[in-house]
Amino acid sequence: MRDSIFQCLSTYHYQVVAIILFMIGLLGLVYSRNLIKILISIEFIINSINLIFVSFATYMSDKNYIGNTVVIFVSAISALVLAWGLYLVYLIYKQYGTVDVNQIYSKYKEID
Amino acid sequence: MLINSIFFIVYSTILIFAAILTMVSNKIIHSLIWAMLVFLMVGCLFLLLGATYNAVVQFLIYVVAIPILIGVSIMLVKSNIGKRKIMINSFWKILAIIAFVLFIGEFLAANSDVFNTIQSCVVNINSYSDLESFSKNIFSSYPILLLEFGLGIVLTVIGMSYYER
């Protein structure tokens, strides 16, 4: 039987939180209509993966600096990806006048 | 270990509720504020795991840099924001008082014995031998400045939300 959370924290507990955050990010990615909210959902997913990396590095490995280093690189690259994504959102807004995905698609169909 | 578990439950609960509120908020600027809270709680979980340097990187990138980037993008995609006649924030008197108080606090922290007293109370690590001691030194040497910097960022985002409204 697994120990109570008040007796010992393990990587299992952090995994549960990370998976919940991942699912919320995935639902936001699928169901959001705003492009900026979609980018925030992608950041949630990346944060959940970072949390899993750090928990594994802390509890399951002797060389815990590898997981921490990977997380730093992932953070930097995700910030870069977000900056490019926001630039694309701005270009889409200049082209179509909205950041709503449905309206962008309907206007794209009209033009096409 | 009991303290760690309680902190884990508090951080996780705030994280999950803030993530849900991020997705269900109608206004995108409110989503951004809740997302800031989510990133902050992930950084606190990093601190709880002992990954201090990762927590510092998380705070600097996700809690400071990325919300400013998204906030500027939100202001760019609002087409009517440049057409307002009054460009000044209507809450500028309250924000000016808060900014003055913060300025006085920072002046006291940087120029009097208050800073040295606080520095002598906490554990001071002088060696920069590894990343962990470096990040511990940052947290133990500059608590007031970091706190004021975070407060300034939070006030900036709140003012941005008032401006957007």
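The table that follows gives values for the structure above.
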| item | result |
| --- | --- |
| Axial C-alpha extent at least 20 Å, average Kyte-Doolittle at least -0.5 - helices from chain A (DSSP) | A:11-31, A:35-59, A:64-96 |
| Links that overshoot a 21 Å alpha carbon limit, given the list B:K27/B:K78; A:K109/B:K78; A:K107/B:K78 | A:K109/B:K78 |
| Descending Cα extents along the principal axes, segment A:5-111, whole Å | 59, 26, 17 |
| Per-pair calculated FRET efficiency, R0 = 45 Å: B:V101 and A:N102 via Cβ, rounded to 0.05 | 0.45 |
| Sites B:I20 and B:I158 - FRET efficiency at Förster radius 22 Å, r taken between beta-carbons, to 0.05 | 0.55 |
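Where a number appears in this text, it was derived from the coordinates with a stated rule and is not lab data. Model, not experiment: these values are computed from the prediction. Note that we place each Cβ from the backbone using ideal geometry, even for glycine, and neighbour counts take in every protein chain shown.
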